[in-house]
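Data first, discussion second: the structure below is written as C-alpha cells.
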2 protein chains.
Amino acid sequence: MTGGRITLAHGSGGRAMGELVRELFLEVFDDPELRRLDDLARLEPAAGGRLGFTTDCHVITPPIFPGGDIGRLAVCGTVNDLAVGGAEPQALSCGFVLEEGLELALLERIVRSMKAAAREAGVRIVAGDTKVVRRGEADRIYITTAGVGWIAAGTALGPERIRPGDRLLVSGPVGDHGAAVLDARGELSMEVGLDSDCRPLASLARALLAACGPGLRAMRDPTRGGLTAVLNEFARHCGCRLEVEEEAVPVREAVRGVCELLGLDPFDLPCEGVLLAVVDPAQAGQALEVLRSHPDGAHAQLIGEAGRAGEPEVVVRTPYGGQRLLDQPLGDPLPRIC
Amino acid sequence: MTGGRITLAHGSGGRAMGELVRELFLEVFDDPELRRLDDLARLEPAAGGRLGFTTDCHVITPPIFPGGDIGRLAVCGTVNDLAVGGAEPQALSCGFVLEEGLELALLERIVRSMKAAAREAGVRIVAGDTKVVRRGEADRIYITTAGVGWIAAGTALGPERIRPGDRLLVSGPVGDHGAAVLDARGELSMEVGLDSDCRPLASLARALLAACGPGLRAMRDPTRGGLTAVLNEFARHCGCRLEVEEEAVPVREAVRGVCELLGLDPFDLPCEGVLLAVVDPAQAGQALEVLRSHPDGAHAQLIGEAGRAGEPEVVVRTPYGGQRLLDQPLGDPLPRIC
C-alpha cells in the first residue's frame, strides 16, 4: 500500500476504492463483519442491558503527535465516551474524509494505530466509509468514529445524580494532550517534550464502576474544553456549586510552562486519557485506591466536592485562601486540538 | 440563529459552542437522549433481535440540490443502509465538520432538513458532535452519520444467499440522484430540471421483507458506484453470473440525456431512493406487486436474474441480442456526488 497517494478514484465506489478497502481497511481491521462488505454490521446484544451509542469527529492537526495520532485519538475518544457513560465498549464504526494527495503511507500508519488502540480497548471495528475530496477541501484526514456498547442493567450514571457532599476525583494529571499537541505544532518558543495522554479508559472505568456501584454518580473524560467544560456541565446538571482545590489538581510542570507561555488555564486544556469521577463521600477513599492501583490511574487525586445546591457554578479555591469562578472561555484558544 | 456565520469558537467546547448546541441542535432534533448532553445516548434493545450498525460520510457539493440537501442525504443514506440490511432503523448519530465562515442560516436549513427526514423515516437523532476547521480546511459542511437498528430474529439477508435462477428487481428509475447533482452544479450545457430521488427506504424495505420472508435473499441501495457497483459486489459474493436486461432497467429520459452528454453509463450513477432486491423466482411476481403498490416503489421493474454459478460477473443484454460486461470504472467520474 505504501508509496502512493490518495486520488479521487479511491473515493469513487469503483475498482480503486475496492482495492483500498480490501488491501488496507479489511486487512488491518480484520473483522468478519467488516469483511462481509454489507454496509451493515450485525452484532449480538448483551442480555438485559441497554445500548450505549455515541459519536465523535476528529480533525486534529498535526495528524501524528507525541504519544498518539488521529487514529488512536479517534478510537480512544469514542471508546472513552462509552466507558465513562457506563457502557462496555463493543464495536466502532469509522468514517474517513481524505484529501486528494494524502500519502498512503500516512493513512496506513493511522489505520494500523486505530487497530492497535482498538485491540488495547477490547473493541471491534465493524463498519466504515471513506470519501475523498479534492486538494484544499480538507486538511489531509478527518475521522468520525461512532461506537456502541452495552450498559448493564442497574447501571445509572449521570451528573443529575450528584448531591451535596459528593467528592470529585481525577484519574491523572490534566492538560497533557492539549499541551503536547501545541508543542508538536511548533507554536511554542521552547521544546517541551510532552506526550499526549491519549489512551482507552475502558478498563479503568470498569474497575471504578465495579468497586463503587451506585456510589459512583457520574464519570466524564475532560476532552475539548478540559476540566472547565466538564465541571460546568456537571454543575448545571446537578444544580450544585462544585468546589475544586486548585493545588489538588495534578498538572505536570511542563504543562504549567506551556500554559504560562500562552496565557492559558491548564483546566481548559483537553485530556484524552483522564477521567473525572464523582462519588459518594463514604466511598471516596476506596475509589481513590481503586484508581491508584490501576496503571492508568496511578496519579489519581481527590480534587474537590459538591457544595450546596441551588448555585450551579464552579469555584476554584486558590492556595492562599482566595477563590475564583471557573467559567468557560467564550472563544477558542485551541482550534483542531482533537 | 440566522444572520451569523460559524466561527472557530463554535467548535471550542466553550460557551459559543454550548449556545450552538442548545439553540440549534437540541432545539431542532428535540430528543431526550440528546438533551441529556451526556456524550452517550442510551437505548432500549428489542427483545431477541441482533443489532445492526452502520456509518456513512457525506461530502456532497453543492450542499443544497434539487430534491434534497446534504442533511437529508446523510439521514437517508444511513437509514437506507440499515433498512436494506433488514434492520428496523432506530437511532442516528451525526458528526459535523464545519468550515469557519459557514452561514448559520445554511446550517440551520440543513439541520431542519435532517430532522424532517428522520421523522419521515421514523428514526431518532440521539447523539452528535461538531468540529470547526479554518477557512480552506473543508468545503462548508461534511456530515458523517452512524445508525443503529434492530434485526428481527430469523432475518437473514445477504448476497451470499443468492442462487442461480433468483430474480433481480429495482424499486424505481436509476441515476436520478447523480444526474440531478451534476445538473445542480451547472456543469451541463443544458438545464435538465431533475430532482434527486433522496428518500428513506425503511417502509419499502419492511414491506418487501414482510411479504417475501426468506425468499428475499438480499437488498442493497445502489448509491456510490450505482447499480454497477452493487451488481458486481453481489456477483462476487454469490459466485454467480448476474444477467441484466438493459431495456428492463428504468432510466428517465433526462438522466439518459445527461449521460449521453457526459459520456457516462446511467448504471454507474448513484441513486439515493432506490433499492435492488434479489428474490426467489417463485416470489418475484409477488415482490414486484408489493413494490409497485408502495408509493416509493411505483415504478419497480424486474431487471434480470442470477445465472449459472462459478462465473462471478455481470452481463448486460442489449436490445438487439448483444451483450456487454458491466465492469466497474477505475477512476471517479463523479467526485463528491454523495
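Values for this structure:
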item: Which numbered condition B:Ala146 fails, given (1) outside any helix (DSSP H, G or I); (2) in contact (Cβ under 8 Å) with a residue 60 or more places away in the chain; (3) more than 17 Å from the chain's Cα centre (by Cα); result: (3)
item: Residue in the range A:223-230 that is within 14 Å of chain B (Cβ to nearest Cβ), farther than 25 Å from B:Ala146 by Cβ, polar (S, T, N, Q) and under 18 Å from the mean Cα position of the chain (by Cα) present; result: yes
item: Enumeration of residues in the range B:149-181 that are touching a helix residue (DSSP H, G or I) at 6+ places or on another chain (Cβ under 8 Å), in a helix (DSSP H, G or I) and under 29 Å from A:Ser93 (Cβ atoms); result: B:Pro159, B:Glu160, B:Arg161, B:Asp176, B:Gly178
item: Test: residue in the range A:208-220 that is under 21 Å from B:Thr130 (Cβ atoms) and assigned to a loop (DSSP other than H, G, I, E, B); result: no
item: Filter result (among the aliphatic types (A, V, I, L, M), in a strand (DSSP E or B) and over 13 Å from A:Arg72 (Cα atoms)) within the range A:98-131; result: A:Leu98, A:Val126, A:Ala127
item: From the options A:Pro312, A:Pro266, A:Pro281, A:Pro319, residue that is under 18 Å from A:Cys198 (Cα atoms) and outside the structural domain of A:Asp81 (by TED's automatic domain parsing); result: A:Pro266
item: In the range A:44-63, residue surrounded by the fewest Cβ atoms within 10 Å (Cβ to Cβ) [restricted to those that are within 8 Å of another protein chain (Cβ to nearest Cβ) and in a loop (DSSP other than H, G, I, E, B)]; result: A:Glu44
item: Candidates B:Gly165, B:Gly175 - the one that is on the phi > 0 side of the Ramachandran plot, crowded, with 20+ Cβ neighbours inside 10 Å and not assigned by TED's automatic domain parsing to the domain that holds B:Ile60; result: B:Gly175
item: Subset tally (residues that are outside any loop (DSSP other than H, G, I, E, B) and out of contact with any helix residue (DSSP H, G or I) (no Cβ under 8 Å at 6 or more places or on another chain)) for the range A:16-43; result: 8
item: Sole residue being within 16 Å of A:Leu302 (Cα to Cα), surrounded by 16 or more Cβ atoms within 10 Å (Cβ to Cβ) and touching a residue at least 12 places away in the same chain (Cβ under 8 Å), chosen from A:Leu194, A:Leu209, A:Leu216, A:Leu182; result: A:Leu216
item: Matching option when the condition is at pLDDT 95 or above and surrounded by fewer than 23 Cβ atoms within 10 Å (Cβ to Cβ), among B:Glu103, B:Glu19; result: B:Glu103
item: The range B:119-158 - residue that is at the interface with chain A (Cβ under 8 Å from one of its Cβ atoms) and among the polar types (S, T, N, Q) and, of those, farthest from B:Gly13 (Cα to Cα); result: B:Thr144
item: Verdict on A:Glu137 being outside the structural domain of A:Asp265 (by TED's automatic domain parsing) and either touching a Ser or Thr at 6+ places or on another chain (Cβ under 8 Å) or farther than 27 Å from A:Ala254 by Cβ (or both); result: yes
item: Residues within the range B:127-143 that are acidic (Asp, Glu) and either closer than 17 Å to B:Leu20 by Cβ or without any contact (Cβ under 8 Å) to a residue 60 or more places away in the chain (or both), tallied; result: 2
item: Top-ranked residue of the range A:78-91 - restricted to ones that are more than 9 Å from chain B (Cβ to nearest Cβ) and part of a strand (DSSP E or B), ranked as nearest to the chain's Cα centre (by Cα); result: A:Pro89
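The values are calculated or read from the model by the stated rules, or taken from the named source; none is laboratory data. Just so it is clear, the structure is predicted and the values come from calculations on it, not from any experiment. As a convention, Cβ positions derive from the backbone with ideal geometry for all residues, glycine included, and neighbour counts pool all protein chains shown.
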